[in-house]
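Note sheet for the following structure.
The values are calculated or read from the model by the stated rules, or taken from the named source; none is laboratory data. Fair warning: this is a prediction, and the values are worked out from it, not measured in the lab. Ideal geometry is used to build each Cβ from the backbone, glycine not excepted, and the neighbour counts take in all protein chains shown.
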Amino acid sequence: MAVRVNPDFYRKLKKFGGQSATQCFHCGNCTVVCPLSTEEYQFPRRFMRYVQLGMEEKIKHSVEPWLCYYCGDCQRLCPRQANPGEVMMALRRYLTTTYDWTGLGRLLYTSNFWKLFFVGLLFFVTLWVVYTFHGPVVTEHVELETFAPAHIVHPVGYIFGTLLAVLLLSNVYRMYKFILGPEKISLPASVYLEELKTLLLHFFTQLRLRMCTDKSRWIKHWLLMSGYFIAFMLVNIDMVTRWSLTNEPPAWWHPAKLLWTYATFAMLYATTEAIIGRLRKKEPIHQFSHSTDWMFLLLLWPTIFTGLLVRIFMEADLALPTYYAFAFHLAFTVPLLGLEVPFAKWSHLAYRPFALYFIRLRERARAMQQPQMATEAEAQSA
Amino acid sequence: MAKKIAVYLCSGCGLGEGLNLEALAKVATKEYKIELVKTHPALCSAEGRQLIQEDIEKEGVDGVVIAGCSPRVNTEVFDFGPNIIVERVNLREQGIWCHPPGDEDTQMLAEDQLRMGIVKAKDAQVPEPYKVEEISKTILVIGGGLAGITAALEAAKANYPVVLVEKNEELGGWAARLYKQVTLKPPYNQLEEPDIKDRIKALQEKPNVKIYTSAKVEKISGAPGLFDATISTKNGTVTERVGAIILATGAVPYDASKLEHLGFGRFPNVITTDMLEEMARQGKFVRPSDGKEAKNVAFILCAGSRDPEHLPYCSASCCVDSLRQALYLKEKDPDTAVYIFYRDLRAPGQHEYLYKRVQEEGVIFFRSDNTQIEEGSNNRLVIRAKDVLVNEEVIVEDLDLVVLATGMVPTTALGEMIVVGAEEEEEKGKKEEGPLVRPDVYFRCDLLNLEYRQGPELPTLKYGFPDSHFICFPYETRRTGIYAAGTVRAPMDMRTTIVDATGAALKAIQCLELTAQGMAVHPRSLDTSYPEFNLTQCTQCKRCTVECPFGALNEDEKANPLPNPTRCRRCATCMGACPQRAISFKNYNVNMIGNMVKAIEVPEEDEEKPRIVVFACENDAYPALDMAGMKRLQLSPWIRVIPLRCLGSMNLIWIADALAKGIDGVLLLGCKHGEDYQCHFVKGSELCNYRLSKIKETLDRLALESDRVRMVQVEIMDWHKLPEIIEDFAKRLEEVGPNPYKGF
Ligand code: SF4
Ligand code: SF4
Ligand code: SF4
Ligand code: SF4
């Protein structure tokens, strides 16, 4: 099939940060040096050409962008400063908006106006809700649950969480359609279930990041990821044991509290490091920051920090500061989760492990077809 | 002739141990009656040199034979001024280093080499430089484009008067028609106003420069230092006496009407590089079909170039020109989609920065062969090509303009093609016999109009470019004192042209200065000998005037050769060609080499010591023999090496001399000839080969086998093959058997 060259795609990708793609002269150094590129899934050089020629369909149906973990070796060695790692990153941004059927993702990625608008909206609406619906304010000592009754906060939180999960999974389904749809694979449901182990393994470990030359990135990322996960679990546990949203907080050595301390500092360290890195621009991954990268960090860091403040004020039994900190904590959390998880950068928490899951499905499907093909060939030759 | 010859034997470098020097000394004293024979442990030392110097001063020695190392080393040490003949006998590199020391055969070889050295010194005379009264040191530059202006300016800066002839009304040529040029300084990727105007101004300000515009060279007669150029100008015809000439007439774009397969002439919106340049100067990029602005533009590179049907060579600047033009489009409107279809993007040197910049601007490149073009609706063009990177056919549609990067044709390739066969007079009608000499090709391009017997323009090397040896001697044309510079010499870009023109100016100056001293210009720079013609012996056979590879000889009405010594390169091809032995140099002539051959002692047949004379070209074969020695390769003991200026100087009489004396075989080692020749004198080795085709008669007359003469082409890097080449020949001679003339 002949390729129709489409200059508009490149113009479009500029908005996602992929403008350096035209600088590539296809020496192939990047693909050779990439620790993650394989015989079957070769990148990034090939994708530089797809971008140059505007082969949008090909890119839409590709899984490779999710296999790149932006270790940046290619970028360091590109003789043309074509920033192949950043182009792969731009493709992930572009794919994120393509998977998203609501169109919100595209607005967030391509327009600063809409970005500010939605963040501001969720931020101020949350503050307004807290301001309007909070419970009685006890100032003698901290009574957080009186201020924010758990029987309201928790259910609202669950509804919110479910909504996000549905949105995200619907996008994952579109991703599945793009990547595996054209192949029309048919597999028994058991295989889908079996391979969930791949999904979970990579979700929890990000093992592929360990294949990068610089192993410290994996450690940092894992710190962050474990922090998220523990924080997420602790929020759920709060329903049962009430270690946090309560008027009678347990002592400092309560396991939930200890875990929580770990999560906070792990996340604080990793995000602070990322912010400093992006300001210093030393590592390839931090050289080029898209506005959405800053949006993510500038929501995440205050979320963690206000969470820490809530804890400190509670321990110090400072009532009003606790309530204020709590309100702001929520005001940062809502846009962070509401925008980042289904529509923007944080969605990669699903796309990356799912990409590997889909590849496994593809391999399984091929393995099942092969004996069939072999017998067909035999039949023909006979 | 040297009045008093002295022989010096060096016992250093193992020569004292490896050879019997006393016996060698006896050869000189007994056989040649030389009184002064001295041995010294290191002749190249200060005392060694002093010893010789003293003999020259006190004993009146004027011929020095030094037996020791190769003449290719210690040349300055053993230079005793222009009036002393120095003959070096190579006993080290070609003696004990490639033959077993202490061996009887090695000793015999050394003795023969010494005999030949003494004979040569005896027959040599001190050359007197050919000096012309009132030689002109003016440089004529033909062509007033970038190359011509640069060459003229550089020559003028060095205080040489310049006459510049430009055919157009204005100076500047191609460079003056540019919209913008790419910066010649870092960062090498910006567009700037062409600086040709500044160069013209600088030239016009020089006091010693005479510029004729709307002018043309009608006729050039004479020789380096003495050229008379007749120039027709706006104000009538003038004659200028000049010393050297720089041809900088440039190139023209390949005729696009021959590129119909790329749509030119078929589709209105297919244009050429020149046409786009003109649009840029007008400030508007528009579709010729309807005058609407062009928003999608593609370039097709190598349009006509690197195509055996059109121009077989790379035109060297079209890649870079297209990159520059792509930048015009992007600077005018960054949203214009620009595509470049190339075969290999040749942006050498600093042009890489330009290439990168153009990529940064978003121009899309396609490496593709077989680019096809069609017209769609509304005169929009469609290009189809196989993209080697995605290994698929790519289609670019909706193109408003397609620019063909047409290649360049040198101005020397314009006009009727003339083929001059060196063997024309003799070979007519019997082409199959023997190897032919490649004919010379030139075009009636009406640029120089030389009054040379061998044609009015420069012979071309390939594809109409007037080069003579693009690797070893890039500026030299086949006419001494005439240098081609810029795109007329080879396809090149602006930066290279500037360097090229500067180099040509230096070459012209070198020619003037050496000619003034009566010395050869190239490649035997500083040589003061030149061919002398004994016309009483001449039978007007024209061999010399036909064969001189450099057109140095004219003819008078009676077909007598008319030498022009300042055109001559001292290759002695004429000497080799002359059947009458009428041509000789003071220190190199037919009798001298013949006497050397005769000085070789030929043992009786029953001694079973065959003898082989090796005539080795001084430029490659002789140094290769030295190198074989340096690497201690062992050579057959039967050889006796005689260096020649060029195999072109090989006179058949020497072969007859050798065989008549009982020498068993003659081996000729010369440079590669033919299409990709390496011969320093362009056709010398080829002409030698051609002459050998006629040796058969001589051999038949002597009733000898033609296998006794063999010619082998060696280049300097073939040194390692020499043992085999020689051994192989020796074996063949063994099969043929000893020369029956031994002992006669
Ligand atoms: S290393 Fe750079 S120039 Fe080379 S193929 Fe990769 S991106 Fe292109
Ligand atoms: S950033 Fe790393 S993983 Fe991604 S393409 Fe480059 S080398 Fe490969
Ligand atoms: S310079 Fe470029 S376009 Fe011109 S002939 Fe050479 S390779 Fe082709
Ligand atoms: S053949 Fe050689 S030596 Fe003889 S005139 Fe020509 S250039 Fe001079």
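When A:Ala251, A:Ala256 are screened for being farther than 16 Å from A:Phe305 by Cα and assigned to a loop (DSSP other than H, G, I, E, B), only A:Ala251 passes. Put simply, of A:Val138, A:Val125, A:Val129, A:Val119 the only residue that is away from ligand 1 (no atom under 16 Å from the Cβ) and outside any helix (DSSP H, G or I) is A:Val138.
Looking at the range A:24-62, which of its residues are among the β-branched types (Val, Ile, Thr) and either closer than 18 Å to A:Leu13 by Cβ or within 9 Å of ligand 2 (Cβ to nearest atom) (or both)? Break it down stepwise before answering.
At the first step, the residues of the range A:24-62 found to be among the β-branched types (Val, Ile, Thr) are A:31-33, A:38, A:51, A:59.
Those that are among the β-branched types (Val, Ile, Thr) and either closer than 18 Å to A:Leu13 by Cβ or within 9 Å of ligand 2 (Cβ to nearest atom) (or both): A:Thr31, A:Val33, A:Val51, A:Ile59.
The residue pairs whose first member lies in the range B:545-571 and is in the same structural domain as B:Thr477 (by TED's automatic domain parsing), whose second member is within 16 Å of ligand 2 (Cβ to nearest atom) and basic (Lys, Arg), and whose beta carbons are closer than 9 Å, counting only pairs six or more residues apart or on different chains, do not exist in this structure.
Checking each residue in the range B:187-201 for being within 18 Å of B:Val162 (Cα to Cα) and surrounded by fewer than 17 Cβ atoms within 10 Å (Cβ to Cβ) picks out only B:Lys201. Checking each residue of the range A:112-129 against the condition of being within 16 Å of ligand 2 (Cβ to nearest atom) and among the β-branched types (Val, Ile, Thr) gives no match. Of all residues in the range B:242-285, which are β-branched (Val, Ile, Thr) and outside any loop (DSSP other than H, G, I, E, B)? Within the range B:242-285, B:Val242, B:Ile245, B:Ile246, B:Val252, B:Val270, B:Ile271, B:Thr272, B:Thr273 qualify.
Working carefully through the options B:Ala572, B:Ala552, find the one that is at positive phi, within 11 Å of ligand 4 (Cβ to nearest atom) and buried (at least 24 other Cβ atoms within 10 Å of the Cβ).
Numbers: B:Ala552 fails: at positive phi.
So the residue among B:Ala572, B:Ala552 that is at positive phi, within 11 Å of ligand 4 (Cβ to nearest atom) and buried (at least 24 other Cβ atoms within 10 Å of the Cβ) is B:Ala572.
When the range B:305-330 is filtered for residues that are of a type outside the set (D, E, K, R), surrounded by 18 or more Cβ atoms within 10 Å (Cβ to Cβ) and either more than 8 Å from ligand 3 (Cβ to nearest atom) or over 29 Å from the mean Cα position of the chain (by Cα) (or both), the ones remaining, listed by number, are B:His310, B:Ser322, B:Leu323, B:Gln325, B:Ala326, B:Leu327, B:Tyr328, B:Leu329. Restricted to the range A:1-54, and to residues there that are hydrophobic (A, V, I, L, M, F, W, C) and more than 13 Å from chain B (Cβ to nearest Cβ), the residue that is nearest to A:Asn83 (Cα to Cα) is A:Cys30.
In this structure, is A:Arg92 in contact (Cβ under 8 Å) with a residue 12 or more places away in the chain, out of contact with any Ser or Thr (no Cβ under 6 Å at 6 or more places or on another chain) and of a type in the set (Lys, Arg)? So that I can check it myself, show each step before the final result.
Values: in contact (Cβ under 8 Å) with a residue 12 or more places away in the chain: yes; out of contact with any Ser or Thr (no Cβ under 6 Å at 6 or more places or on another chain): yes; of a type in the set (Lys, Arg): yes.
Criteria met by A:Arg92.
For the structure I just gave you, tell me whether A:Thr272 is surrounded by fewer than 16 Cβ atoms within 10 Å (Cβ to Cβ), in a loop (DSSP other than H, G, I, E, B) and in contact (Cβ under 8 Å) with a residue 24 or more places away in the chain. Answer is no for this residue.
Scan the range B:193-226 for residues that are in a strand (DSSP E or B) and in contact with a helix residue (DSSP H, G or I) (Cβ under 9 Å, 6 or more places away or on another chain) and the total you get is 2.
Would you point out which residue out of B:Arg49, B:Arg72 is in the same structural domain as B:Glu111 (by TED's automatic domain parsing), of a type in the set (D, E, K, R), touching a Phe, Trp or Tyr at 6+ places or on another chain (Cβ under 8 Å) and surrounded by 18 or more Cβ atoms within 10 Å (Cβ to Cβ)?
Values: B:Arg72 fails: surrounded by 18 or more Cβ atoms within 10 Å (Cβ to Cβ).
It is B:Arg49.
Counting only strands (runs of 3 or more DSSP E) wholly contained in the range B:60-145, no element carries 3 or more residues that are under 22 Å from B:Asn619 (Cβ atoms), of a type in the set (Gly, Ala, Ser) and touching a Cys at 6+ places or on another chain (Cβ under 9 Å).
For B:Leu526, indicate whether it is under 30 Å from B:Ile509 (Cβ atoms), away from ligand 4 (no atom under 13 Å from the Cβ) and not assigned by TED's automatic domain parsing to the domain that holds B:Gln678. Give the steps one after another, and end with the answer.
Details: under 30 Å from B:Ile509 (Cβ atoms): yes; away from ligand 4 (no atom under 13 Å from the Cβ): yes; not assigned by TED's automatic domain parsing to the domain that holds B:Gln678: yes.
Against the criterion (under 30 Å from B:Ile509 (Cβ atoms), away from ligand 4 (no atom under 13 Å from the Cβ) and not assigned by TED's automatic domain parsing to the domain that holds B:Gln678), B:Leu526 qualifies.
What number of residues within the range B:331-372 are surrounded by fewer than 20 Cβ atoms within 10 Å (Cβ to Cβ), more than 22 Å from B:Met492 (Cβ to Cβ) and within 12 Å of chain A (Cβ to nearest Cβ)? Within the range B:331-372, residues that are surrounded by fewer than 20 Cβ atoms within 10 Å (Cβ to Cβ), more than 22 Å from B:Met492 (Cβ to Cβ) and within 12 Å of chain A (Cβ to nearest Cβ) number 6.
From the list B:Trp654, B:Trp638, the lone residue that is more than 14 Å from every other protein chain (Cβ to nearest Cβ), more than 29 Å from the chain's Cα centre (by Cα) and more than 16 Å from ligand 1 (Cβ to nearest atom) is B:Trp638. Among all positions in the range B:573-582, there is no residue which is farther than 17 Å from B:Ile653 by Cα and in contact (Cβ under 8 Å) with a residue 12 or more places away in the chain.
Condition check ((1) closer than 24 Å to B:Tyr130 by Cα; (2) touching a strand residue (DSSP E or B) at 6+ places or on another chain (Cβ under 6 Å)) across all residues:
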| site | (1), (2) |
| --- | --- |
| B:Ile482 | yes, yes |
| B:Asp493 | no, no |
| B:Thr502 | no, no |
| B:Ala505 | yes, no |
| B:Ala520 | yes, no |
| B:Phe550 | yes, no |
| B:Leu562 | yes, yes |
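Residues that are of a type in the set (Ser, Thr, Tyr), surrounded by fewer than 23 Cβ atoms within 10 Å (Cβ to Cβ) and under 19 Å from B:Ala151 (Cα atoms) within the range B:496-528 comprise B:Thr496, B:Thr502, listed in sequence order.
With respect to the conditions (1) over 29 Å from B:Lys462 (Cβ atoms); (2) touching a Cys at 6+ places or on another chain (Cβ under 9 Å); (3) away from chain A (no Cβ under 14 Å), B:Arg306 falls short on a single one, namely (1).
Might you check whether a residue that is more than 24 Å from B:Val396 (Cα to Cα), at pLDDT 95 or above and within 14 Å of chain B (Cβ to nearest Cβ) occurs anywhere in the range A:55-78? Yes, the range A:55-78 has at least one match.
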